[in-house]
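Heads up: the structure comes next, in structure tokens.
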Amino acid sequence: MATIIEQAPLSTSDYNRTPVGQNIMFAVSNNLIVANQIKVKFVAEVHISSYLPPNLSLATDVVGTFKTTPNNAGVGMFDFRPIFESHVKADNLAKVGSEYKLTPTTTSRTHPIHLIDKYSGNDNSMRYLAIQFKVEYVNSSGDTVIEQAVNSDSYKIFNGYLKYTDKLDQIGVDFGFDTSSFALSLPANKFLTNASTTQYANITDYGTLAFMDIQNLVSIELKYYNDSAVQIGTDTVIRTVANGGVANYNGDIAFDLAYFGCFPANLRNWSSTFQGIVSTVSYYTIEAKGLSASVSQIYTINVNCPTLKGYEPVRLAWLNQWGAWDYYTFTMKSSRMISTKGSTYNQLAGTWNESAYRIDSFKGGKKAFRVNATEKVTMNTDFVNEAESEWFEELINSPEVYILEGFQTDTNSALNQYVTPVRLTTSSYTRKTVANDKLMQYTFEVEKSKTLRTQSI
């Protein structure tokens, strides 16, 4: 009897996209060998590729070999979640070939993913996966025998996680999360975010929308409107190599998850249309297009009036549930606090190591040897709805949070000044509802991750 894969994650003909933050279960059996041999183990040879589906006949993309003994039912159970999590991570830098202010990214000149002009693929967020299973036992001669290989389907794993409320689909004993709603193929499909399809941004704000499965994507269409809802311009950004995309999608995992720079500052980087109407645009729409029809929902960016609130805006970017980036600009009251911590010593007064003793007024007493400064920023949201209230939970749960600086006209400005890593110090979150709280606002506090080290004495 052959080795059989009894249970696996959901799979489709186009490779199911599986978030690594779920139990990724395989169950393998071989009743004949388990019943008649000793020291039986099931062996899993894991192949992970960063380009095309792995070739299981080659060892070039093997990342590890794992073994388990049969359980009481004679089945070998594997949960690969801890293994796969280490092979995907957030994309903080744009992929080579994308552009920033019409300047291409190279290996020696990189820029943050948030600043891209048009398209960018991913370098780290998604991988191909396939597994070859074998059965191992010790024969009557005491030799270890490994035989009867069986190959799994190919999968695409990405840097996402599941909430307890996310629905798992099941076909027979196979189960997993259905990501088809994120595939750009139908007008009801979504970009890779749980944010509302209507968002707000300042004219200086950068940001991206990510999406999966670009084989049906031909272009992304932007339509600009004034405050009278009259269309005043349009841009159609075709998925080409020159625009940071690909001419023909051939299954390359680097473009199965891709990004589009679509917030006002991104458009100011390159769009002559947007640059010409920047003072009159009130909102604009974003829609993915196929050959003849829409392949996504329509997203709307409302441009905030710069003088509406009068507060210093603070824009956060955070890694969302699906391994892409979400953004929010806090336009209400914000405050910044500097706290210091350092070492001190007692300095002698006067000059003890010279030919004569002299009292210097600047010497003596307790002195700071070094001062380390940490900055904390407290921000307040505008009034939000219940959907946004639920969405903010992802900010609390995110392992990566950043402050984004706004658009600069200087093309030679240092790119490291745009993105500042922070740690969310708000440790609890109470979801508000209209019924309980009427008007809903939230306060968040972040601490800049990098400590400022001042001069030492």
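Coordinate-derived values only; no laboratory data. Since this is a predicted model, take the numbers as computed values, not measurements. Reconstructed Cβ throughout: ideal geometry from the backbone, glycine too, with neighbour counts over all protein chains shown.
Near the amide H of I24, within less than 5 Å, lie the amide hydrogens of F80, R81, all on another chain or at least 5 residues away, with H placed in the peptide plane.
One decimal place: the segment N72-K163 gains 29.7 nm when fully extended, by the rule 0.36 nm per residue minus the C-alpha distance. Charge tally around D360: other residues with Cβ under 15 Å, Lys/Arg +1 each, Asp/Glu -1 each, net +2. Scattering from segment 235-316 was approximated by placing one identical point on each alpha carbon and applying the Debye formula without solvent; log10 I(q)/I(0) at 0.12, 0.14, 0.17 1/Å stands at -0.48, -0.64, -0.88. For segment 330-457, the residue among Y442, V384, L415 whose Cα projects farthest onto the positive side of the dipole built from Cβ charges is L415. Taking every DSSP beta bridge that has both ends in segment 1-147, the antiparallel portion is near 95%. Evaluated with a Cβ-only charge set (Lys, Arg +1; Asp, Glu -1), the chain carries a dipole of roughly 1700 debye about its Cα centre, given to the nearest 20. Cross-link partners of K450 among lysines, defined as those whose alpha carbon lies under 20 angstrom from its own and excluding same-chain residues fewer than eight positions apart: K341, K376.
For H111, nonlocal amide neighbours, meaning residues 5 or more places apart or on other chains whose placed amide H falls under 5 Å from its own, are A94. Where both residues lie in the chain, what percent of DSSP beta bridges are antiparallel, nearest 5? Percentage antiparallel, nearest 5: 90. Listed values for segment 175-186 are Karplus-derived 3J(HN,Hα) couplings in whole Hz (6.51 cos²θ - 1.76 cosθ + 1.60, θ = phi - 60°), namely 8, x, 8, 7, 9, 5, 5, 9, 7, 6, 9, 9, and x replaces Gly and Pro.
Per-residue ellipticity at 222 nm computed for the chain from its helices equals -1500 deg cm²/dmol, with DSSP H segments shorter than 4 residues left out and the rest contributing -39,500 (n - 2.57). With the simple spin-label model, which puts each label point 7 Å out from Cα in the Cβ direction, the Y357 to A435 separation comes to 8.1 nm. Segment F175..S294, full-extension length gain: 39.8 nm, with 0.36 nm per residue of separation and the alpha-carbon distance subtracted.
Straight-line reach from K289: which aspartates and glutamates fall under 19 Å, measuring Cα to Cα and dropping same-chain residues less than 8 apart? Correct list for K289: D117, D213, E221, D235, D256.
Pairs spanning more than 21 Å between alpha-carbon atoms, out of K118/K333; K89/K156; K118/K223; K95/K118: K118/K333.
For every other residue with a beta carbon closer than 11 angstrom to the beta carbon of D174, add +1 if it is Lys or Arg and -1 if Asp or Glu, then tell me the sum. Residues near D174 contribute -3 overall.
Beta bridges per DSSP, both residues in segment 168-266: antiparallel share near 95 percent. Each Cα pair under 8 Å and six or more residues apart adds its sequence gap; the mean of these over the residue count of segment 277-339 is a relative contact order of 23 percent. Taking every alpha-carbon pair under 8 Å whose residues sit at least 6 apart, segment 226-356 reaches a relative contact order of 14 percent. For segment 53-162, the relative contact order comes to 24 percent (Cα pairs under 8 Å, sequence separation of at least 6). By the rule of a C-alpha distance below 19 Å, with chain neighbours fewer than 8 residues away ignored, the lysines paired with K432 are K163.
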